[in-house]
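What follows is a structure written as structure tokens; I'll ask about it next.
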Amino acid sequence: MSRVALIVVDMQNDFCPPDGSLGVTGGRDIVPTINLLLKSSKFDVKIATKDWHPADHISFAKPPEQKPFESFTTIVNPDDASQTYETRLWPVHCVQGTKGAELVAGLDVDMGKVEKDADWKIIEKGQDSRVEMYSAFYAPFDNLRQGPSTIAPFARSALPDYLKERSVGTVYVVGLAADYCVKATAEDAAKEGYRTFIIEDATKAVDPSGWPGVKAGMTGIGFVECKDVLN
């Protein structure tokens with residue numbers, strides 16, 4: 001029988017107001033809802049992801065030439081220089097080992113339990129300075145969907161293999177931000193063949209006004225509320 005996983009995406013200090021360098025409006029407000037989900041027996045497997053960037057990550061704007069939120073840069077596939085895409089630049093955030101990269105206070109994640117429970121895992125992403133990685137699965141290049149890269153081993157996380165090892169068939173995605181990392185994680189989960197849902201009252205968007213349009217462009221993903229899942 002396939003199992004059900006809850007993926008809590010990037011609930012880190014730098015994504016939460018008032019002090020986060022890339023704070024998402026209302027980001028801290030969803031912690032109680034996520035905690036209800038974390039405590040629920042509806043989920044067999046629980047995962048919390050963390051942006052875990054080196055200090056020289058390519059997504060960081062470098063003033064004054066580059067402006068956070070406004071400037072863009074080109075990402076090149078480390079395995080194939082002919083594959084590129086443009087991505088937005090952000091303020092410095094979630095640098096490895098900093099307070100900003102820590103899970104937000106109040107989130108019901110017992111690290112002692114995580115270390116002992118095979119059905120609980122922390123997944124780090126975005127460690128390769130050369131690529132952006134919104135998805136908790138892998139950077140958006142086809143070869144990384146097929147398997148790990150020897151040239152860029154950190155451009156694919158432990159998540160794809162872990163979900164298979166734990167016999168997961170259904171995935172619920174929550175956390176930050178709805179229109180970026182939650183979206184990308186849910187889309188890749190659906191492409192991997194999982195029944196995939198976003199729990200809308202357990203996520204917040206960088207651009208709330210644009211979220212309905214983002215939702216409309218997503219396929220193979222269900223949208224539910226916390227009460228729908230827990231009842």
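The values are calculated or read from the model by the stated rules, or taken from the named source; none is laboratory data. Note that this is a predicted model, so its numbers are computed, not measured. Cβ coordinates were reconstructed from backbone atoms using ideal geometry, including for glycine residues, and neighbour counts include every protein chain displayed.
Given the conditions (1) closer than 25 Å to ASP188 by Cα; (2) more than 18 Å from the chain's Cα centre (by Cα), report the number of the one that GLU70 does not fulfil.
If we test GLU70 against (1) closer than 25 Å to ASP188 by Cα; (2) more than 18 Å from the chain's Cα centre (by Cα), just (1) comes out false.
Against the condition among the hydroxyl-bearing types (Ser, Thr, Tyr), exposed (fewer than 13 other Cβ atoms within 10 Å of the Cβ) and at pLDDT 95 or above, how does THR84 come out, does it pass?
Yes, satisfied.
Do we have any residue at all in the range 108-115 that's within 21 Å of VAL24 (Cβ to Cβ) and not in a helix (DSSP H, G or I)?
yes
Take LYS46 and decide whether it is under 15 Å from ILE199 (Cβ atoms), of a type in the set (D, E, K, R), over 20 Å from the mean Cα position of the chain (by Cα) and modelled with pLDDT of 95 or more.
Answer is no for this residue.
Could you please give the count of residues in the range 17-43 that are assigned to a helix (DSSP H, G or I), within 17 Å of the chain's Cα centre (by Cα) and β-branched (Val, Ile, Thr)?
3
Can you tell which of VAL45, VAL31, VAL8 is in contact with an Asp or Glu (Cβ under 7 Å, 6 or more places away or on another chain) and closer than 20 Å to ASP108 by Cβ?
Checking each option against the conditions leaves just VAL45.
Ok, one more. Of all residues in the range 145-156, count the ones that are surrounded by fewer than 24 Cβ atoms within 10 Å (Cβ to Cβ), touching a residue at least 40 places away in the same chain (Cβ under 8 Å) and either touching a helix residue (DSSP H, G or I) at 6+ places or on another chain (Cβ under 9 Å) or polar (S, T, N, Q) (or both).
Of the residues in that region, 3 qualify.
Output the residue which, of all residues in the range 90-102 that are surrounded by 18 or more Cβ atoms within 10 Å (Cβ to Cβ) and outside any loop (DSSP other than H, G, I, E, B), is nearest to the chain's Cα centre (by Cα).
The residue in question is ALA101.
Filter the helices (runs of 4 or more DSSP H) completely within the range 157-231 down to those with at least 2 residues that are buried (at least 22 other Cβ atoms within 10 Å of the Cβ).
Filter on the range 157-231 gives 159-165, 183-191.
Somewhere in the range 77-84, is a residue in contact with a Lys or Arg (Cβ under 7 Å, 6 or more places away or on another chain), under 16 Å from ILE58 (Cβ atoms) and not aliphatic (A, V, I, L, M)?
yes
Within the range 52-89, how many residues turn out to be assigned to a strand (DSSP E or B) and out of contact with any Leu (no Cβ under 9 Å at 6 or more places or on another chain)?
Count: 13.
Shifting gears a bit: What pairs can you find where one residue is in the range 75-102 and among the acidic types (Asp, Glu), the other is surrounded by fewer than 18 Cβ atoms within 10 Å (Cβ to Cβ), and their Cβ atoms are less than 9 Å apart, with a gap of 6+ or different chains?
ASP79/THR150; ASP79/ILE151; GLU86/PHE72; GLU86/THR73; GLU86/THR74
Could I ask something else about it? What are the residues in the range 198-231 that are under 19 Å from VAL171 (Cβ atoms) and small (Gly, Ala, Ser), if any?
Within the range 198-231, ALA202, GLY220, GLY222 meet the criteria.
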